[in-house]
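Chemist: Could you have a look at this structure, given as structure tokens, before my questions?
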Amino acid sequence: MPGAFFMTDSQKSKEYGSIIDCPICRNLPQKKELDLEHVGQGKVPAELNQLSVVLLFNLEPEHQYSSNTVKLLKCPKCGTYYYFNHYVDEGEHFMDPTSNDILIRRYPPLTVIHFLEGIINEIPGTFPQPIGKLKVAFMEGRYPYPNEPSEKGRGESLETVTKELGEIKGRYNTIIEEFTDVVKEESPEWHLKKYMVESLAMHFAKEDDWSSISELLLKHKDPVIRVEALSFLVDYSLGNAGVIDLIHVPYDIREKLEKIVKRRKKHLDEIVQVASELALSKHGYTYEYDPGFGESKYYKASIQAVGLQNIAVLARYRDLSHLVPQLINLLSEDENLNYHVCWTLEPISKESRENAKLILELINKVDRKIRQDKEVQRLIKECEEQIKKRKKGKEKKKKPT
């Protein structure tokens with residue numbers, strides 16, 4: 001690209017350290033959402049002030065009482081990038097909903113490249129829609145208005161964008177090599193582990209390299225890496241992620257993930273196998289994201305529960321009736337586990353009358369006290385309803401195993 005500055009690997013190594021040793025990034029979450037109307041500026045992570053502002057865009061406002069600021073931030077210690085958005089809407093008319101939201105996301109290297117290229121090439125949708133705009137558009141039953149910078153703002157930033165694109169492209173391979181080595185040999189903090197897994201999964205998808213996804217991530221000895229890789233693949237290849245997350249993963253990467261997972265039976269079969277292994281026994285804990293009320297947070301979640309959640313999604317794409325006996329065997333006096341097991345069995349029951357009948361038959365064999373669990377009772381009623389519906393309608397075409 002004309003005018004681009006490409007940094008060599010040796011230059012990179014002198015300027016930036018590793019993210020796993022970074023005193024700034026180690027204390028920043030993978031993503032953070034704040035509603036300043038409820039929590040105030042004091043909840044903004046202090047480390048944010050230590051990041052360098054690479055780019056700043058004041059996007060076209062919705063109206064005179066709104067503002068939409070986007071920043072691309074970079075850690076001066078390790079060179080990791082962050083997407084920052086502050087969206088304010090005081091309401092154009094009386095009783096309009098208002099917003100004062102901040103979003104911070106650690107961006108994988110490939111996402112940064114797509115973001116910068118999108119700015120240069122003026123690709124629509126390069127700037128993800130803020131949460132406040134999406135909420136209003138959803139309530140009004142319409143698509144949100146374009147989220148684009150002014151022509152003046154774009155023109156003034158173009159030289160900086162081009163230089164930054166040259167830099168990240170110049171050190172991209174070194175970053176991927178470092179992340180690969182760290183995942184193989186070390187065990188960093190959870191949020192950095194998740195960041196590296198997602199960065200590598202995106203890279204391997206772009207390269208159509210299922211072998212590396214399988215060997216390095218899905219077969220890793222660390223169940224946290226396995227479950228985070230599993231969840232990323234299920235979320236973005238099968239469209240299970242929420243729209244607020246989907247818009248931050250480049251469309252062509254999502255297409256690649258769909259192609260190598262959803263359209264290739266052996267890859268989806270391997271994902272089902274990994275999900276089954278994680279769902280059918282205990283493997284410790286990971287963390288799940290909760291947008292919360294006013295301030296997002298991460299909470300401790302069992303890897304088994306996350307595995308079960310993924311099985312529930314995969315049931316829409318594969319006949320998983322063979323897992324029913326093992327899932328029923330998980331039912332116990334643990335109400336939390338029963339909740340996850342029952343919500344996993346429900347979509348399986350909806351796939352065929354035979355599945356619903358099998359689930360009911362096996363539930364009737366478990367301990368009476370367990371059958372009285374409120375989630376088990378809910379599942380029983382759901383299966384009974386499914387059987388009644390199937391009697392009236394045509395049997396659904398059986399999915400391939």
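The values are calculated or read from the model by the stated rules, or taken from the named source; none is laboratory data. Here the structure is a predicted model, which is why all the values come from computation and not from measurement. Glycine also receives a Cβ, built like all others from the backbone with ideal geometry; neighbour counts cover every protein chain displayed.
Chemist: Does Ser199 satisfy being in contact with a Pro (Cβ under 6 Å, 6 or more places away or on another chain), buried (at least 17 other Cβ atoms within 10 Å of the Cβ) and of a type in the set (S, T, N, Q)? Give the steps one after another, and end with the answer.
Modeler: Numbers: in contact with a Pro (Cβ under 6 Å, 6 or more places away or on another chain): yes; buried (at least 17 other Cβ atoms within 10 Å of the Cβ): yes; of a type in the set (S, T, N, Q): yes.
Here the answer is yes, as Ser199 does meet what is asked.
Chemist: Then there is this: State all residues of region 249-300 that are more than 18 Å from Ala312 (Cα to Cα), in contact with a helix residue (DSSP H, G or I) (Cβ under 7 Å, 6 or more places away or on another chain) and either outside any helix (DSSP H, G or I) or β-branched (Val, Ile, Thr) (or both); if no residue qualifies, say none.
Modeler: Hits for region 249-300 are Val249, Pro250, Ile253, Ile260, His283, Gly284, Tyr285, Thr286, Tyr287, Glu295.
Chemist: Suppose we filter Ile131, Ile213, Ile175 for residues that are touching a residue at least 12 places away in the same chain (Cβ under 8 Å), buried (at least 22 other Cβ atoms within 10 Å of the Cβ), more than 20 Å from Lys74 (Cα to Cα) and not polar (S, T, N, Q); which single one remains?
Modeler: On the way: Ile131 fails: buried (at least 22 other Cβ atoms within 10 Å of the Cβ); Ile175 fails: more than 20 Å from Lys74 (Cα to Cα).
Criteria check complete, one pass: Ile213.
Chemist: Let me ask another. So, of the residues in region 95-118 that are more than 22 Å from the chain's Cα centre (by Cα) and in contact (Cβ under 8 Å) with a residue 60 or more places away in the chain, which turns out to be nearest to Cys25 (Cα to Cα)?
Modeler: So, considering only residues that are more than 22 Å from the chain's Cα centre (by Cα) and in contact (Cβ under 8 Å) with a residue 60 or more places away in the chain, the one nearest to Cys25 (Cα to Cα) is Asn100.
Chemist: Can you tell me how many residues within region 367-389 are under 12 Å from Glu346 (Cα atoms) and among the basic types (Lys, Arg)?
Modeler: Selection size over region 367-389: 2.
Chemist: Could you figure out which of (1) polar (S, T, N, Q); (2) at pLDDT 95 or above; (3) surrounded by fewer than 19 Cβ atoms within 10 Å (Cβ to Cβ) isn't true of Ser332?
Modeler: (2)
Chemist: Can you name the condition, by its number, that Tyr16 falls short on among (1) under 26 Å from the mean Cα position of the chain (by Cα); (2) modelled with pLDDT of 85 or more?
Modeler: It is condition (1) that Tyr16 fails.
Chemist: Tell me, please, whether a residue that is over 29 Å from the mean Cα position of the chain (by Cα), in contact (Cβ under 8 Å) with a residue 12 or more places away in the chain and part of a loop (DSSP other than H, G, I, E, B) can be found in region 371-378.
Modeler: Scanning region 371-378, I find at least one residue that is over 29 Å from the mean Cα position of the chain (by Cα), in contact (Cβ under 8 Å) with a residue 12 or more places away in the chain and part of a loop (DSSP other than H, G, I, E, B), so the answer is yes.
Chemist: Which of the residues spanning region 213-248 are in a loop (DSSP other than H, G, I, E, B) and either aliphatic (A, V, I, L, M) or not assigned by TED's automatic domain parsing to the domain that holds Leu278 (or both)? Can you show your working first?
Modeler: As a first pass, look at region 213-248 and keep what is in a loop (DSSP other than H, G, I, E, B): 219-222, 238-242, 247-248.
Across region 213-248, the qualifying residues are Leu238, Ala241, Ile247.
Chemist: Which residue pairs have Cβ atoms closer than 6 Å, lie 6 or more positions apart in sequence or on different chains, and pair a first residue in region 278-302 that is more than 25 Å from Lys219 (Cβ to Cβ) and in contact (Cβ under 8 Å) with a residue 60 or more places away in the chain with a second residue that is hydrophobic (A, V, I, L, M, F, W, C) and surrounded by 17 or more Cβ atoms within 10 Å (Cβ to Cβ)?
Modeler: These pairs meet every condition: Glu295/Leu34.
Chemist: A further question on this structure: Residue by residue through region 325-344, note down the ones that are aromatic (Phe, Trp, Tyr) and farther than 13 Å from Ala279 by Cβ. Spell out how you get there, then give the answer.
Modeler: Keep residues of region 325-344 that are aromatic (Phe, Trp, Tyr), which gives 339, 343.
Matches in region 325-344: Tyr339 only.
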